[in-house]
Amino acid sequence: MKSAHIFLSLFFIACLAQVSFGQITGTDHDFSGRTWNSSGEICIVCHTPHNANGAVTGAPLWNHQVTGATFTPYSSTTLDATVGQPAGNSKLCLSCHDGTVAVENYGNVTNGAEFLSGSELIGTDLSNDHPISFSYDATLASTDGGLYDPTTQTSGLGGTIGDDMLFAGQLECASCHDVHNGAGYSNFLRKSNSGSALCLTCHNK
Ligand code: HEC
Ligand code: HEC
Ligand code: HEC
Ligand code: HEC
């Protein structure tokens, strides 16, 4: 009896360590209650099982209108990476967060009226935002000198930085954020930034 209890306790501790408790329901990304969403569904604003929007290569069954904006990328005198226009899944985020496409422009809707505003509006000027949509590899890490090698450094999320935080080797919005709130941290962060833990995952400072 006693050992069964210990076993069960250990089992639940193991589960706690593995399973994330966040979920999208009730978050800023749950648009199921909007008057413009007659389906009452959550995923549909961003994904569809059929006839997906192929405008962004590799996008997961995308159902939202994709931004056509031209962006001002981040630059600095010390930046080593080559940062161009947003690509990959960052472009999906910016299809609401750049403020040029309405939140309810999904399916065939293109004339929605709800636009992002306030601090959640990232805009088309990305020169004041952490760089995105560039290749982060071992060469960049050694050139920079202050970055961990993403192919070997563990992320704290189960594998290496490359396994868990990069998309086709690129750093994107979703390197730091989980759009589905999987981890349950504020600002949809992928891991806690307490003591700058998120930043220190990649930056050796
Ligand atoms: C606000 C937009 C948004 C909503 C709502 C949303 N997603 Fe996503 N989803 C994305 C974006 C952006 C990506 C690509 C970034 C990534 O993989 O983290 C993605 C990736 C995915 C992927 C592929 C990568 C992975 O995480 O496995 C699946 C599967 C997925 N979503 C399922 C769902 C389901 C199911 C729902 C509804 C419960 C949902 N999503 C709701 C934006 C959304
Ligand atoms: C369908 C439109 C849409 C897409 C696509 C989308 N978002 Fe959002 N997001 C929103 C809206 C709208 C809000 C703010 C809701 C509000 O004002 O309450 C928001 C809020 C947020 C917040 C703030 C959450 C908080 O707790 O304060 C973050 C962070 C965020 N989004 C990141 C992302 C990232 C990263 C992606 C892509 C991986 C993404 N979003 C894709 C519409 C979107
Ligand atoms: C290098 C990590 C990183 C990347 C890349 C990143 N973010 Fe963030 N983002 C954060 C952190 C950390 C916060 C919380 C900031 C804070 O606590 O003030 C945040 C906050 C936000 C917020 C909420 C702002 C607010 O004040 O309400 C939004 C929206 C957001 N990010 C969207 C995006 C989008 C869209 C992209 C891609 C274009 C992106 N982020 C790329 C780390 C990142
Ligand atoms: C997933 C890995 C990753 C995470 C997490 C991350 N960064 Fe970065 N960051 C990078 C890479 C790679 C660069 C590009 C460095 C270069 O090319 O010089 C960069 C660039 C920067 C730069 C610009 C450097 C320059 O020379 O202009 C700053 C500042 C920065 N990050 C701060 C942060 C902060 C603060 C956080 C936490 C909120 C953070 N980073 C989280 C990988 C990351």
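The values are calculated or read from the model by the stated rules, or taken from the named source; none is laboratory data. Predicted model only: the values in this text are computed from it and were never measured. Please note: Cβ atoms are built from the backbone with ideal geometry, for glycine as well, and neighbour counts cover all protein chains shown. We work out accessible area using only protein heavy atoms, side chains counted, and drop any ligands, DNA or RNA first. Shrake-Rupley method; radii C 1.70, N 1.55, O 1.52, S 1.80 Å.
Restricting the search to the range 24-44, which residues are touching a helix residue (DSSP H, G or I) at 6+ places or on another chain (Cβ under 9 Å) and in contact (Cβ under 8 Å) with a residue 24 or more places away in the chain?
ILE24, THR27, ASP28, HIS29, PHE31, ARG34, ASN37
Would you mind listing the helices (runs of 4 or more DSSP H) fully within the range 99-205 where at least 1 residues are free of Cβ contacts under 8 Å to residues at least 12 places away in the same chain and closer than 27 Å to ASN51 by Cα?
none
Starting from residues that are more than 21 Å from LEU147 (Cβ to Cβ) and out of contact with any helix residue (DSSP H, G or I) (no Cβ under 8 Å at 6 or more places or on another chain), keep the ones in the range 61-93 and report whichever is nearest to ligand 4 (Cβ to nearest atom).
By that ranking, first place goes to THR72.
Output the residues belonging to the range 95-127 that are in contact with an Asp or Glu (Cβ under 6 Å, 6 or more places away or on another chain) and among the polar types (S, T, N, Q).
THR124
Can you find a residue in the range 110-121 that is within 11 Å of ligand 3 (Cβ to nearest atom), buried (at least 21 other Cβ atoms within 10 Å of the Cβ) and within 16 Å of the chain's Cα centre (by Cα)?
No: the range 110-121 contains no residue that is within 11 Å of ligand 3 (Cβ to nearest atom), buried (at least 21 other Cβ atoms within 10 Å of the Cβ) and within 16 Å of the chain's Cα centre (by Cα).
Look at the range 21-54 and say how many of its residues are surrounded by 16 or more Cβ atoms within 10 Å (Cβ to Cβ) and more than 18 Å from LEU92 (Cα to Cα).
1
Among the residues of the range 55-72 satisfying the criterion of being open to solvent by 40 Å² or more (accessible area, probe 1.4 Å) and either part of a loop (DSSP other than H, G, I, E, B) or basic (Lys, Arg) (or both), which is farthest from ligand 2 (Cβ to nearest atom)?
Checked the range 55-72; the qualifying residue farthest from ligand 2 (Cβ to nearest atom) is THR70.
Search the range 148-187 for residues being within 17 Å of THR25 (Cα to Cα) and open to solvent by 40 Å² or more (accessible area, probe 1.4 Å), and hand back the single one that is nearest to the chain's Cα centre (by Cα).
Going through the qualifying residues, I end up with HIS177.
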